[in-house]
Amino acid sequence: WYSKLKRITAHDQHISNEINVEEISHLSDQEQADFIAEMFASISTEYEKLKNEDIVIPPFGAKEIPHFTPQRFLPYLQSIKVNKSNVKGDIPAKIIKEFAAYICFPYSDILNGMVKCGEYPNIWKMEVQTPIPKVFPPKKVSELRNISGLLNLDKVTEKIFGEIIASDM
């Protein structure tokens, strides 16, 4: 069972994807990571921040808050794409798909709690950034492409909520 689990999760302790960028090679590893992250994050300065006072939420009652059953989420969990890459430390899509009938129960509790409280879990607000060279070897940071990775359950949640929001519009 252990070897099968390792195969399903694509576990490999010997993979090394080290990228050396000449332009920042004189910096420490942490300074390089910070420099690349700042460059990728610069897109957030292109738009004005959303102001809380601009958001108007009409009053609503408890009956108007949607309640989800585990059976509603089961098809979403079973249809997760297993050929996509996973973020390090995430539950592999193959495991989610294989055990969807069990996962859908706590998952529905999480989503019902999110909707009731109006809060999205902080762990799902993050994405993992992976710099991939546009040319090899990269000499400047501008020669790196940003690949974003989200946690698998966050992807499923965004798909579900996106469909709900689109149908509501």
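The values are calculated or read from the model by the stated rules, or taken from the named source; none is laboratory data. All figures in this text were calculated on a predicted structure; none of them were measured in a lab. Methodologically, a virtual Cβ is constructed for each residue, glycine included, from the backbone with ideal geometry; neighbour enumeration extends over all protein chains shown. Accessible surface areas use protein heavy atoms only, side chains included; no ligands, DNA or RNA. Shrake-Rupley method; radii C 1.70, N 1.55, O 1.52, S 1.80 Å.
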Please state, as a whole number in µm²/s, the translational diffusion coefficient that the Stokes-Einstein equation yields for the range 97-169 at 10 °C and 1.306 mPa s, with Rh defined as the Kirkwood radius across alpha carbon pairs. 106
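In the chain, what percent of the accessible surface is made up of carbon and sulfur (1.4 Å probe, ligands and nucleic acids excluded)? Walk me through the numbers before you get to the answer.
Details: 7490 of 13200 Å².
Roughly 57 percent of what the probe reaches on the chain is carbon or sulfur.
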Per its Cα gyration tensor (rounded if a/c is under 1.5, else prolate when a/b beats b/c, else oblate), the range 24-119 is best filed as oblate
Positive-end residue, the chain charge dipole about Cα centroid, Cβ charges, pick of SER108, PRO59, ASN146: SER108
Below 13 angstrom from the Cβ of ILE165, what's the summed charge of the other residues (Lys, Arg +1; Asp, Glu -1)? -2
Expected max-MSF residue from ASP54, ASP109, ASP29 in the GNM of the chain (alpha carbon, under 10 Å) is ASP54
Qualifying lysines (Cα of each under 29 Å from Cα of LYS134; at least 8 residues distant if same chain): LYS81, LYS84, LYS88, LYS125, LYS155
Evaluate 2.2 N^0.38 Å with N set to the residue count of the range 31-73, then give the Cα radius of gyration divided by it. 2.15
So, by mean Cβ neighbours within 10 angstrom, what's the order for 126-134, 152-160 with the highest one leading? 152-160, 126-134
Suppose only helical runs count, i.e. DSSP H with n ≥ 4. What mean residue ellipticity at 222 nm does that imply for the chain under -39500 (n - 2.57) per run, divided by all residues and rounded to the nearest 500 deg cm²/dmol? -13000 deg cm²/dmol
How large is the dipole of the chain about the Cα centre if only Lys and Arg carry +1 and Asp and Glu carry -1, each at its Cβ, rounded to the nearest 20 debye? 960
Using a/c under 1.5 as the rounded threshold, could you call the range 64-115 rounded, prolate or oblate? The axes a ≥ b ≥ c are square roots of the C-alpha gyration tensor eigenvalues, and prolate needs a/b larger than b/c, oblate otherwise. prolate
Backbone N under 14 Å from the LYS81 label point (7 Å along Cα→Cβ), restricted to the range 109-150: 148-150
Keeping every protein chain present and rolling a 1.4 Å probe, give me the accessible area per residue for the chain in Å². 78
Computed lengthening from LYS88 to GLN30, 0.36 nm per intervening residue step minus Cα-Cα distance: 19.0 nm
Would you mind pulling out the separation of the Cα centroids of the range 28-61 and the range 117-137, in Å? 12
To the nearest 20 debye, the range 54-127 has a Cα-centred charge dipole, built from +1 on Lys and Arg Cβ and -1 on Asp and Glu Cβ, of 300
Given DSSP loops and a limit of at most 11 other Cβ atoms within 10 Å, what is the longest stretch of the chain that contains no such chymotrypsin sites (Phe, Trp or Tyr not before Pro)? 61-169
Between ASN20 and MET126, take the C-beta separation as r, use R0 = 25 Å, and let me know the FRET efficiency to the nearest 0.05. 0.45
